Structures are given as structure tokens and as C-alpha cells.
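> Dropping a structure here in C-alpha cells format, bear with me for questions.
The values are calculated or read from the model by the stated rules, or taken from the named source; none is laboratory data. Since the model is a prediction, treat every value here as computed from it, not as a measurement. With ideal geometry, Cβ positions are generated from the backbone for all residues, glycine too; neighbour counts draw on all protein chains shown. Quick note on the areas: whole protein, heavy atoms, side chains included, nothing else; ligands and nucleic acids left out. Shrake-Rupley method; radii C 1.70, N 1.55, O 1.52, S 1.80 Å.
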Amino acid sequence: MKKLSARRRHPLAALVVLLFALAATGGLYAAFAPAKKAQAEDAPTALAKIEEGKKLYLSGCSSCHGLNGQGTSDGPSLVGVGPAAVDFQVMTGRMPLQQQGPQAPRKPVVYTQAQADLLGLFIGSLGAGPAVPREDEYALDGDIQEGGELFRTNCSQCHNFSGEGGALPEGRFAPSLKDVDPKHIYEAMLTGPQNMPSFPDTIMPPEQKKAIVTYITGVTKDEPNPGGLGLGRLGPVSEGLFVWIFGLGFLIAAAIWIAARTPKARTK
């Protein structure tokens, strides 16, 4: 027993135990954490995709935005705009720009989604910016009542309370939100394209943006108008103007017609 006890208290026992523990820890780490290898394999793939995106950029975008995205007199800088801005502009057909003007209108899409993703990777490599939102961020399950309140407070001044759009100064306009993809609505709030202010997550949390997307998608659906003509859904101003011009005009015309056919009018 004394010999066994002495061996247990051998000066090298602690060192042996420590080496054994380190070896076991290293083996377990190598077995259950192969992330480094995966990252090393993904790095060349990511660089290759950025190069593909750069080729697309040089052929379709650099004439206006510069060879390095620094911007020119014909187009703004793209440094720091992020992949979300690229996805919105490209997949709504606003870019490439057809011709210079006060505003880039929505038109048929030129690039595929895969090409837009490659462009976004390249633009994202120029400077950090908003990423393309995930599907769950713009899913149509937000609070529609809250979305309506937020939309009327922040957006209706330009887009109309029902998303029909409206005119702005200097030939610009707020586009109609009808038939706009929910992802693109979210990206527009995130990046603030053209005349629109941006609403980053620090100003408007993702839950509020989702609520607005849900409201817009619901209110712009093709549904019958119980009151008759929609009149652009511009509210009481357009409806009152319609009644004033056509309704009152009809009454005045009817009164003149009746007065012209009275016996007294005929004797004259």
C-alpha cells in the first residue's frame, strides 16, 4: 500500500495527466469541429463567385458607376449599398437604366436571380451594406393592423394610403405598390432607393417592416369596390371632386334643359 501510494504521488503524475487531458481534448475537437476545413474549402468558391459578379458588373454597370463602383457623373457610388440594394434595383428592372431621367422606372427584368446574386456578392465586397432579407423576414404573417398604422404614418404621404402611388416634385413619382414582390418592398424600406428614405433596423425593427409588407400586400389585392368606381383610391378629395364636377355639373345641365323647355321660355 505504501508503494502504491508513493507511485500515485509521483512528481511526474500531474504532468502525465495533463498531457493525457490535452491529447483527449485535441482529439475530440478534431472529431467534432471540422468547420475550419469547410471554411477553407468555401473561401475559393466565394472568391470565384465574386469574380463572376465583377465580370457582370464590368459589362453591364461600370459605364455609369465606374470600374470600381466609385460612381461617376452618370451614376452614384455603390460602395456600401449592400446586396439588398442590388437585388431590389436589378430584380425590379430599374437597373440597368434604360435612359437618364429624374427617376428609374420599373421595367422588365434583364438579369436572372442567379446573376443578381453574383452582382450582389461583388458589390457587397466593395463595402458593408444591408444583406438580402431572409424569407421569414418578409413573410405575410405580420400584424396587418400595426402595418396599416405604420404605413399611414411613414409612407402614405407619397404612396397614398392604399399604395396607389403619387406624383412628386421635379418629374419624380412614388410608384404604385400593386403587384410588387414582398421581398422587394422589404428591400426598399431597408435601402431607401431613389427618393425614398431608408428604414434600417435601428429605426424600424424587422417586425414592423414585416407588418408593413403584410398590410401593403393585402390592401393592393384586386378586390371589388362596394361603392362603385375606385377613383384611384385617393380618398375623399378625388371622390368629392368627382361629385362636384360630374354630379353638380349634371344638375346644372338638367336645370338649364328644363328651364329652356318651359312655356315661358318658348313664348320668347
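> Which residue pairs have Cβ atoms closer than 8 Å, lie 6 or more positions apart in sequence or on different chains, and pair a first residue in the stretch 146-160 that is within 9 Å of Ile212 (Cβ to Cβ) with a second residue that is among the polar types (S, T, N, Q) and open to solvent by 30 Å² or more (accessible area, probe 1.4 Å)?
Glu146/Gln208; Gly147/Gln208; Leu150/Gln208
> Here are Glu170, Glu135: which of them is open to solvent by 80 Å² or more (accessible area, probe 1.4 Å) and closer than 26 Å to Gly75 by Cβ?
Result: Glu170 is the single residue among Glu170, Glu135 that is open to solvent by 80 Å² or more (accessible area, probe 1.4 Å) and closer than 26 Å to Gly75 by Cβ.
> Out of the residues in the stretch 95-132 meeting the condition of being of a type in the set (A, V, I, L, M) and farther than 19 Å from Thr191 by Cα, tell me which one is surrounded by the fewest Cβ atoms within 10 Å (Cβ to Cβ).
Filtering the stretch 95-132 for residues of a type in the set (A, V, I, L, M) gives 95, 97, 104, 109-110, 114, 116, 118-119, 121, 123, 126, 128, 131-132.
Going one step further and asking which of them are farther than 19 Å from Thr191 by Cα, we end up with 109-110, 114.
Numbers: Val109: 15, Val110: 14, Ala114: 9.
Among those residues, the one meeting the criterion is Ala114.
> Here's another thing I want to ask about it. So the check is Cβ under 6 Å with 6+ separation or different chains; which pairs have a first residue in the stretch 184-208 that's on the phi > 0 side of the Ramachandran plot and a second one that's open to solvent by less than 30 Å² (accessible area, probe 1.4 Å)?
Pairs that qualify, where the first residue is on the phi > 0 side of the Ramachandran plot and the partner is open to solvent by less than 30 Å² (accessible area, probe 1.4 Å), are Gln194/Gln103.
> Return only the number of the condition from (1) surrounded by fewer than 21 Cβ atoms within 10 Å (Cβ to Cβ); (2) outside any loop (DSSP other than H, G, I, E, B) that Asp87 does not satisfy.
(1)
> Could I ask something else about it? Considering every residue within the stretch 71-81, establish whether at least one is at pLDDT 95 or above, surrounded by 14 or more Cβ atoms within 10 Å (Cβ to Cβ) and in a helix (DSSP H, G or I).
no
> Could you list, in sequence order, the residues of the stretch 173-192 that are closer than 16 Å to Tyr138 by Cβ and open to solvent by 20 Å² or more (accessible area, probe 1.4 Å)? Show your work before the answer.
Of the residues in the stretch 173-192, the ones closer than 16 Å to Tyr138 by Cβ are 177, 179-191.
Those that are closer than 16 Å to Tyr138 by Cβ and open to solvent by 20 Å² or more (accessible area, probe 1.4 Å): Leu177, Asp179, Val180, Asp181, Pro182, Lys183, His184, Leu190, Thr191.
> Restricted to the stretch 184-242, and to residues that are hydroxyl-bearing (Ser, Thr, Tyr) and assigned to a helix (DSSP H, G or I), which residue is modelled with the lowest pLDDT? Explain how you work it out, then say what you get.
Within the stretch 184-242, the first condition is being hydroxyl-bearing (Ser, Thr, Tyr), and the residues that meet it are 186, 191, 198, 202, 214-215, 217, 220, 238.
Right, trim to assigned to a helix (DSSP H, G or I) and you get 186, 191, 214-215, 217, 238.
On the way: Tyr186: 98, Thr191: 96, Thr214: 96, Tyr215: 95, Thr217: 94, Ser238: 64.
Selected residue: Ser238.
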